[in-house]
Amino acid sequence: MKKSLLSFCFITLFAVNQLFAQNPIIRDQFTADPSARVFNGKVYLFPSHDIRAKEGMGRPGWFCMADYHVFSSDNLTDWTDHGVIVSQNKVPWVDSTSYSMWAPDCIFRNGKYYFYFPANGTKEVNGRRRFGIGVAIADKPEGPYVPEPEPIKNLPGIDPNIFIDKDGQAYIYWSMGNIFVAKLKDNMVELDSEPQVIKELPQKGLKEGPWLFERNGIYYMTYPHVENTIERLEYAIGDNPLGPFKFAGVIMDESPMNCWTNHHSFIEYNGQWYLFYHQNAYSPKFDKNRSACIDSLFFNADGTIRKVIPTHRGVGLTSASKKIEIDRYSAISEKGATVEFIDTSYRFNGWKTVFDNKDAWIQYNAVDFGMKKVKTIQVNACSESGGSVQIRLNSANGPILSEVVIPKNSQWNIVTAKVKKALPGVHNLVVVSASDQPVEIDWVSFE
Ligand code: FUB
């Protein structure tokens, strides 16, 4: 039955540049290595940009990245794509056939935005091309960014991360198997000390993607590390940006989707800490096409970090009047409800919830009804045999907001039903299957 529904359901295409809340946060392109920064009261996201490699684009079956976009948001829910800021064709020192624009970072200093990015250079060292780290400079976080003609001297490596301490000293961290640090000069484009390796981190297994931040006098050196077979996020703490650091624990376990890499950043925004990281949500079978995600992060009283469990729901409120993608769920019944891609040939169309029988349910938290009393609900649904769902508050047995009959239709159609009981404020929604006939739901929305 599920198979025949799949083949019959007509697919509603989303607008190409429509961006969403929930995880992954960017839904029209791959976004890996998310470095987030708060500039001028807004969150800016500087990810790297995985693309699908084609013949002649870099190394087959490997990372393929030609440029960087920057995104911004003031609510962590609605993201604006400001377009390409740096591309491999426009940086004089970069090999424009290498597709090697890996994890970047950006920092504000003396009225300018400094964007740091690794890439393969055109010059050979000991007969080999190698990664260097370049800087592009802008007056605004959105750009335009002007790349420096040469990479930073004496710095072969990837995954730059910049930290400016309270005394104004800037540091650059990067990786090359291990994690390294050096001081930066005031001009932010030259080293002011010899690179040194951060020795106190676990010796065995690759470490990369450093992200250093300070909170209440504790310096947190955080990094992905292959302790077993794929990366997990770990941290070490110290009382100086140069260390020594002491291993302090795991921030996020290995990817449940078996994504070999993880890469992360931290921000504090409006009093809450957030962890940005990536997973291969849109590309379950090829983990070099990744997508940025966010989840909330909490500290214990002693400054240690509580482990973050990756969620579909992510962070932020979802307005009741938007398309609420219930498949980005907060909780799901053990049996009878599953989440599948709408179109496996174009996964950026997103997911749908498939209910197979009565009483199966899916819960989506933090829907903002505002002060308005909603009157109707719209449900984008598909059911070859016809069925029905209930929209409840807070639990599968909670008060019923609406009962929606899904007519027999092998194509997606938007069904409208009355809302019996409108409640202002923020609520958790639960969609419960009320019939034994299979029903598929893409989204629900209130008016
Ligand atoms: O995105 C390419 C590389 O994968 C990054 O530079 C690493 O941190 C890992 O995420």
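The values are calculated or read from the model by the stated rules, or taken from the named source; none is laboratory data. From a predicted model like this one, the values you see are computed outputs, not experimental measurements. All Cβ positions, even for glycine, are placed from backbone atoms using ideal geometry, and neighbour counts span all protein chains on display.
Checked against the criterion of being under 22 Å from the mean Cα position of the chain (by Cα) and of a type outside the set (S, T, N, Q), the range 167-184 has at least one qualifying residue. For the range 83-139, residues that are free of Cβ contacts under 8 Å to residues at least 12 places away in the same chain and among the hydroxyl-bearing types (Ser, Thr, Tyr) total 1. Evaluated against (1) surrounded by 21 or more Cβ atoms within 10 Å (Cβ to Cβ); (2) over 19 Å from the mean Cα position of the chain (by Cα), Gly249 falls short on exactly one condition, (1). Inspection of the range 288-299 identifies at least one residue that is surrounded by 20 or more Cβ atoms within 10 Å (Cβ to Cβ), assigned to a strand (DSSP E or B) and among the small types (Gly, Ala, Ser).
Cβ-Cβ distance below 8 Å, separation of 6 or more or different chains: which pairs start in the range 164-184 with a residue that is of a type in the set (Asp, Glu) and end on one that is in a strand (DSSP E or B) and modelled with pLDDT of 95 or more? Close Cβ pairs satisfying both conditions: Asp165/Tyr171; Asp165/Glu214. Residues in the range 275-290 that are of a type outside the set (D, E, K, R) and either in contact with a Lys or Arg (Cβ under 9 Å, 6 or more places away or on another chain) or without any contact (Cβ under 8 Å) to a residue 12 or more places away in the chain (or both): His278, Gln279, Asn280, Ala281, Tyr282, Ser283, Pro284, Phe286, Asn289. Of everything in the range 273-287, what is more than 15 Å from the ligand (Cβ to nearest atom), under 15 Å from Arg52 (Cβ atoms) and out of contact with any Ser or Thr (no Cβ under 6 Å at 6 or more places or on another chain)? Give them in sequence order. Those that are more than 15 Å from the ligand (Cβ to nearest atom), under 15 Å from Arg52 (Cβ atoms) and out of contact with any Ser or Thr (no Cβ under 6 Å at 6 or more places or on another chain): Pro284, Lys285. Taking the condition of being in a strand (DSSP E or B) and out of contact with any helix residue (DSSP H, G or I) (no Cβ under 8 Å at 6 or more places or on another chain), how many residues in the range 66-94 meet it? The total comes to 14.
For the range 181-198, taking the residues that are among the β-branched types (Val, Ile, Thr) and within 19 Å of Gly134 (Cβ to Cβ), the one that is farthest from the ligand (Cβ to nearest atom) is identified as Val189.
For every residue, the table says whether it meets (1) away from the ligand (no atom under 14 Å from the Cβ); (2) within 14 Å of Ile172 (Cα to Cα); (3) surrounded by 14 or more Cβ atoms within 10 Å (Cβ to Cβ); (4) not assigned by TED's automatic domain parsing to the domain that holds Tyr171.
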residue	(1), (2), (3), (4)
Arg215	yes, no, yes, no
Met221	yes, yes, yes, no
Gly238	yes, no, yes, no
Glu254	no, no, yes, no
His264	no, no, yes, no
Ile267	yes, no, yes, no
Gly271	yes, no, no, no
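If you go through the range 145-163 and keep only what is in contact (Cβ under 8 Å) with a residue 60 or more places away in the chain and away from the ligand (no atom under 12 Å from the Cβ), you end up with Tyr145, Pro147, Phe163. When restricted to residues that are over 15 Å from Gln22 (Cβ atoms) and out of contact with any Leu (no Cβ under 8 Å at 6 or more places or on another chain), the range 279-308 contains 17. Only a single item in (1) under 24 Å from Tyr113 (Cβ atoms); (2) within 16 Å of the ligand (Cβ to nearest atom) is not met by Glu231, and it is number (1).
The condition of being basic (Lys, Arg), in contact with a Phe, Trp or Tyr (Cβ under 7 Å, 6 or more places away or on another chain) and in the same structural domain as Met57 (by TED's automatic domain parsing) holds for Lys207. Out of the residues in the range 166-180 that are away from the ligand (no atom under 16 Å from the Cβ) and either of a type in the set (Ser, Thr, Tyr) or surrounded by 14 or more Cβ atoms within 10 Å (Cβ to Cβ) (or both), which is nearest to Ser98 (Cα to Cα)? This residue is Tyr171.
Each row is one residue, and each column tells you yes or no for (1) touching a helix residue (DSSP H, G or I) at 6+ places or on another chain (Cβ under 7 Å); (2) surrounded by fewer than 22 Cβ atoms within 10 Å (Cβ to Cβ); (3) under 14 Å from Val444 (Cα atoms).
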position	(1), (2), (3)
Thr338	no, yes, no
Phe348	no, yes, no
Asp356	no, yes, no
Asp359	no, yes, no
Thr376	no, yes, yes
Ala381	no, no, yes
Gly387	no, no, no
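When the range 33-81 is limited to residues that are within 15 Å of the ligand (Cβ to nearest atom) and charged (D, E, K, R), the one that is surrounded by the most Cβ atoms within 10 Å (Cβ to Cβ) turns out to be Asp33. For Glu124, the conditions (1) within 15 Å of the ligand (Cβ to nearest atom); (2) farther than 20 Å from Asn89 by Cβ all hold with the exception of (1).
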